[in-house]
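The values are calculated or read from the model by the stated rules, or taken from the named source; none is laboratory data. Note that this is a predicted model, so its numbers are computed, not measured. Quick reminder, even Gly has a Cβ in these numbers, built from the backbone with ideal geometry, and neighbours come from all protein chains shown.
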Amino acid sequence: MTHQDLDPATMRKHYRSEILDEETLAEDPMGQFALWFRQTAASHLFEPNAMVVSTATADGRPSSRTVLLKQFDERGFVFFTNYASRKGREIAENPYVSLLFPWHPIARQVSVTGTAARIGRDETAAYFRSRPHGSQLGAWASAQSEVIDSRAELDRRYAELAERYPEGEQVPVPPEWGGLRVVPDAVEFWQGHENRLHDRLRYVREGGKWRVERLCP
Ligand SMILES: Cc1cc2nc3c(=O)[nH]c(=O)nc-3n(C[C@H](O)[C@H](O)[C@H](O)COP(=O)(O)O)c2cc1C
């Protein structure tokens, strides 16, 4: 197989310079995230709320996957998933996670380290009810991360559920499904610049306060 016409070693982009400095940085990382998230959404980047969540087993074997950020506030970043999935099981045995927002088209990246914890069942229920009926059924139909014999088996489970809970009927919240909140202990904002002289500003939690440090690119 030849990649001569598509050699990743020759792929180079010149990043446009946007300001990221200590002067204009928000007091706390969630405030800065809110600002950048708004700008990212305004740039029409596809799914700006898509983020990579990395987890690890108790003995430190990592795994990553994309999920959608569904809520954020001063407490942290919330996504929804199946608690019995691989990521859910890994978080149950080791709460340390990282999040990565790969906003390549605007030469930005936000990376977070912290701990994940389940949100309240009432908060999960409120979000579950806001989802389309089909997604609610899908959450029941899929034993996420389990091996399944065939696509047909998945479709059969879904069809059964659709019969049991027709459109308009309230679907109960699956017991193994819910939100996880990542409470950050460090958040790094990366802004690409010319000549690889990128800006990297990292908030680090110290007691109840945030300290900001600049990292070499
Ligand atoms: C753009 C995108 C968004 C996704 N959003 C979610 C999500 O919000 N929740 C989720 O559980 N899985 C989501 N997935 C699927 C996950 O990447 C993953 O396949 C699934 O959660 C099972 O992961 P695990 O087996 O490592 O636990 C998304 C995938 C993509 C590509």
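Quick notes on this one:
- Only one of SER111, SER85, SER98 that is surrounded by 15 or more Cβ atoms within 10 Å (Cβ to Cβ), under 22 Å from LEU137 (Cβ atoms) and modelled with pLDDT of 95 or more: SER85
Residues are listed down the side, and each one gets a yes or a no for (1) under 21 Å from GLN71 (Cα atoms); (2) at pLDDT 95 or above; (3) of a type in the set (Phe, Trp, Tyr):
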residue	(1), (2), (3)
ALA159	no, yes, no
GLY178	yes, yes, no
GLY192	no, no, no
LEU197	no, no, no
GLY208	no, no, no
GLU213	no, yes, no
PRO217	no, yes, no
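- Flag if GLU90 is within 13 Å of the ligand (Cβ to nearest atom) and among the acidic types (Asp, Glu): yes
- Only a single item in (1) more than 22 Å from the chain's Cα centre (by Cα); (2) modelled with pLDDT of 95 or more; (3) more than 25 Å from THR55 (Cβ to Cβ) is not met by VAL147, and it is number (3).
- Test: residue in the range 101-116 that is within 18 Å of the chain's Cα centre (by Cα), within 15 Å of the ligand (Cβ to nearest atom) and of a type in the set (Lys, Arg): no
- Residue selection: PRO132 satisfies the criterion of being within 30 Å of PHE33 (Cβ to Cβ), exposed (fewer than 15 other Cβ atoms within 10 Å of the Cβ) and not basic (Lys, Arg).
- Within the range 59-83, the set of residues being more than 9 Å from the ligand (Cβ to nearest atom) and not in a strand (DSSP E or B) comprises ASP59, GLY60, ARG61, GLU74, ARG75, TYR83.
- For first residues located in the range 44-61 and closer than 16 Å to PRO102 by Cβ, partners that are part of a loop (DSSP other than H, G, I, E, B) and near the ligand (Cβ under 10 Å from one of its atoms) and lie 6+ apart or on another chain with Cβ distances below 6 Å form the pairs ASN49/LEU69; MET51/LEU69.
- Those helices (runs of 4 or more DSSP H) lying entirely in the range 94-204 with at least 1 residues touching a strand residue (DSSP E or B) at 6+ places or on another chain (Cβ under 6 Å): 121-130, 133-141
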